[in-house]
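Below you'll find the structure, written out as structure tokens, and then a few comments.
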Amino acid sequence: MLDQLAGLTPFHLLAQHQHHMLLWYCSLPITNPIHRLASLSRNRQKLHSHNSPLHLLFHMYSLNPIETVPPTCHPTSWFPPFSTSITKNKDKAIALDAADNTDIVIYTDGSGYKDSIGASAIFYRQGQEITQLRHLLGLDTCFVVFNAECTGLLLSTHLL
């Protein structure tokens, strides 16, 4: 309470911010000038004197080792091995669905209903429903439909 009255950041928020900044330092590319300082601070043993604040933070959070994941790049001529389609109206969607002879089809949706936000995914193989997944995210005061749409995509990956 005194921290708030004094205009100071609460400790748990300060610690969380420090951790985020250290992760940011660890993920800098080699070409960034700060990368060298961060790697030196991270890799050295704790000194008996003259430790920099960055050095102390790295040893306080024990961020060794850090895994780097290279980004996946595709040439501009690349096309994914699947297709997606969103139609403007219901009748056109039904006609497209009837004409589709794809072996595997997954439908996803995320929406809000009665003050709640949820998502679902349905898996069809050769026109027969195999399984479905549903997930209730929570109240619409905490979640938006975008969260539900993303959750629907995650559910579809679990169906595969």
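Scanning the range 135-149 for residues that are within 23 Å of Ser85 (Cβ to Cβ) and either open to solvent by less than 50 Å² (accessible area, probe 1.4 Å) or assigned to a strand (DSSP E or B) (or both) yields one hit, Ala148. Selection of first residues in the range 20-41 that are without any contact (Cβ under 8 Å) to a residue 40 or more places away in the chain and of second residues that are not in a helix (DSSP H, G or I), restricted to Cβ pairs under 8 Å at least 6 apart or on distinct chains, gives the following pairs, ordered by first then second residue: Ile34/Leu28; His35/Leu28; His35/Pro29; Ala38/Leu28; Ser41/Ser52.
Tallying residues that are of a type in the set (Val, Ile, Thr) and under 18 Å from the mean Cα position of the chain (by Cα) within the range 113-160 yields 4. When the range 98-112 is filtered for residues that are free of Cβ contacts under 8 Å to residues at least 12 places away in the same chain and farther than 19 Å from Leu153 by Cβ, the ones remaining, listed by number, are Ala98, Ala99, Asp100, Asn101. Of the residues making up the range 51-62, just one is more than 14 Å from Gln18 (Cα to Cα) and either surrounded by 15 or more Cβ atoms within 10 Å (Cβ to Cβ) or modelled with pLDDT under 70 (or both), namely Asn51. Only one of the listed residues (Phe79, Phe123) is at pLDDT 90 or above and either part of a helix (DSSP H, G or I) or aromatic (Phe, Trp, Tyr) (or both). That residue is Phe123. Determine whether the range 97-117 contains at least one residue that is touching a Leu at 6+ places or on another chain (Cβ under 9 Å), farther than 16 Å from Cys150 by Cα, open to solvent by less than 50 Å² (accessible area, probe 1.4 Å) and not in a loop (DSSP other than H, G, I, E, B). Checked the range 97-117: no residue is touching a Leu at 6+ places or on another chain (Cβ under 9 Å), farther than 16 Å from Cys150 by Cα, open to solvent by less than 50 Å² (accessible area, probe 1.4 Å) and not in a loop (DSSP other than H, G, I, E, B).
Screening Gly127 against (1) open to solvent by less than 80 Å² (accessible area, probe 1.4 Å); (2) in contact with an Asp or Glu (Cβ under 7 Å, 6 or more places away or on another chain) leaves a single unmet condition, (2).
The values are calculated or read from the model by the stated rules, or taken from the named source; none is laboratory data. Note that this is a predicted model, so its numbers are computed, not measured. Here the Cβ is made from the backbone with ideal geometry for all residues, glycine too, and neighbour counts use every protein chain on show. Calculation scope for accessible area: heavy atoms of the full protein, side chains included, ligands and nucleic acids excluded. Shrake-Rupley method; radii C 1.70, N 1.55, O 1.52, S 1.80 Å.
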